[in-house]
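First the structure, in the form of structure tokens, and then the observations on it.
The values are calculated or read from the model by the stated rules, or taken from the named source; none is laboratory data. Keep in mind that what you see is a predicted model, and the values were worked out from it rather than measured. All Cβ positions, even for glycine, are placed from backbone atoms using ideal geometry, and neighbour counts span all protein chains on display. With ligands, DNA and RNA removed, areas are computed over all heavy atoms of the protein, side chains included. Shrake-Rupley method; radii C 1.70, N 1.55, O 1.52, S 1.80 Å.
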Amino acid sequence: MILEDSGEVLTKVIIVNDPLRYRGINIFQSSYGKIPSTPRFSDKEGITLSFASRSSGMIYKKKVYKNQPVEIPEGGGSFVLQDLLPSYMFMGQRDLGATYIGTLTQPDGTASEVHLPVRFPRFDKMRQGTDFTIAVEQTDIDMTEKYYTGLQVTHDPGVLPVYAGFIFIIFGCYVTFFMSHQRVCAEVVQKEGGSRVIISGSANKNPLGMENLVRKISLELARKEDGKMVLAEEIC
């Protein structure tokens, strides 16, 4: 939306390769992506878990809260939901997104850590060594993914300024690559009965022309003035 004089003058949806243009101002979509989710997990927010028995095939659903142990049916032990990670790297290679972490304690007292990715509710079926597998059925925490977009604003000054810029660029290239850059230096040293002047010069092109210029300046300085001799020495 563009506002001018406290009024709306133009409204447009900006998408890829279709920018908003108004009086030489262009607004492009330059980037987009997902905003990392930072879900907060409190003691009052619970999730519904399903406990599936490998032996009987029965599935039991229970509402589970943070740090509150729940007994698993059929004497399967107990489970404690501990935390919620914004992301979880499976085997250090793939990010499974938001993942619940809990501890499963078997009837013999053996405890193991359980990871329950929200996007992959049946992930725990790969775990071996226990009679029950756990899956996420429902959560009270908002896991909706959010996206962002980046906009780039440019200004088009018009045809004449652009052409003028091209002309200056061409002129600058000509000066840089085709013209000779010269530098002439003079050093004056006081001596008895006069002064000694040392003329030097450098050039990136046409060194012979620079040598002739330094020699010409030296010859003009090597003359008498007010009865004093000015000695000139040339260096190229």
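Can you compute the helix-only [θ] at 222 nm over the chain? Use -39500 (n - 2.57) per DSSP H run of at least 4 residues, normalise by all residues, nearest 500 deg cm²/dmol. Show your work: numbers first, answer last.
Details: 2 runs with 35 residues, N = 236.
After summing the helix terms and dividing by the residues of the chain, the value is -5000 deg cm²/dmol.
Give, to the nearest whole percent, the P(r) tail of the stretch 46-105 beyond 15 angstrom, counting all Cα pairs. Don't skip to the end; give the middle numbers.
On the way: 1000 of 1770 pairs.
Percent of Cα pairs beyond 15 Å in the stretch 46-105: 56.
Remind me, what semi-axes does the chain give for its equivalent ellipsoid, largest first in whole Å, using sqrt of 5 times each Cα gyration tensor eigenvalue?
Values: eigenvalues 1460, 189, 50 Å².
Taking √(5λ) for each Cα gyration eigenvalue gives 85, 31, 16 Å.
For the chain, find the longest principal axis of its Cα atoms and tell me its angle to the long axis of helix 159-178, 0 to 90°, nearest 10.
Relative to the chain, helix 159-178 is tipped by roughly 60 degrees.
Select from the stretch 152-222 those GluC sites (Glu not before Pro) which occupy a DSSP coil region and have at most 10 other Cβ atoms within 10 Å, ordered by residue number. Let's see the in-between values first.
Working: sites: E187, E192, E211, E220; in loops: E192.
Qualifying residues, ordered by number: E192.
For the chain, give the percent of accessible area contributed by carbon and sulfur heavy atoms, probe 1.4 Å, rounded to a whole number. If you can, show how the numbers build up before the last one.
Working: 9230 of 16380 Å².
Carbon plus sulfur share of accessible area: 56 percent.
Any chance you could check the Cα centroid distance between the stretch 76-138 and the stretch 159-218 for me, in angstrom?
The stretch 76-138 and the stretch 159-218 have Cα centres separated by 77 Å.
If you roll a 1.4 Å probe over the heavy atoms of the protein chains, what accessible area per residue do you get for the chain, in Å²? Display every interim value, and only then the final one.
Numbers: 16380 Å² over 236 residues.
Accessible area per residue: 69 Å².
Tilt of helix 207-221 relative to the longest C-alpha principal axis of the chain, in degrees (0 to 90, nearest 10)?
50 degrees
In nm, to one decimal, how far is the E137 label point from the L85 one, both placed 7 Å along Cα→Cβ?
Calculated label separation equals 2.6 nm.
Each residue of the stretch 53-68 in order: what ³J(HN,Hα) in whole Hz does its phi give by Karplus 6.51 cos²θ - 1.76 cosθ + 1.60, θ = phi - 60°, with x for Gly and Pro?
With coefficients 6.51, -1.76 and 1.60, one gets 8, 6, 7, 8, x, 6, 10, 10, 9, 9, 8, 10, 10, 5, 6, 10 Hz.
How many percent of all Cα-Cα pairs in the stretch 155-204 sit more than 13 Å apart? Please report the intermediate quantities before stating the final value.
Working: 891 of 1225 pairs.
Percent of Cα pairs beyond 13 Å in the stretch 155-204: 73.
If the chain between A186 and T149 were fully stretched, how many nm would it gain, using 0.36 nm times the residue separation less the Cα-Cα distance? Please report the intermediate quantities before stating the final value.
Details: separation 37, 0.36 × 37 = 13.32 nm, distance 6.16 nm.
Roughly 7.2 nm would be gained on extension.
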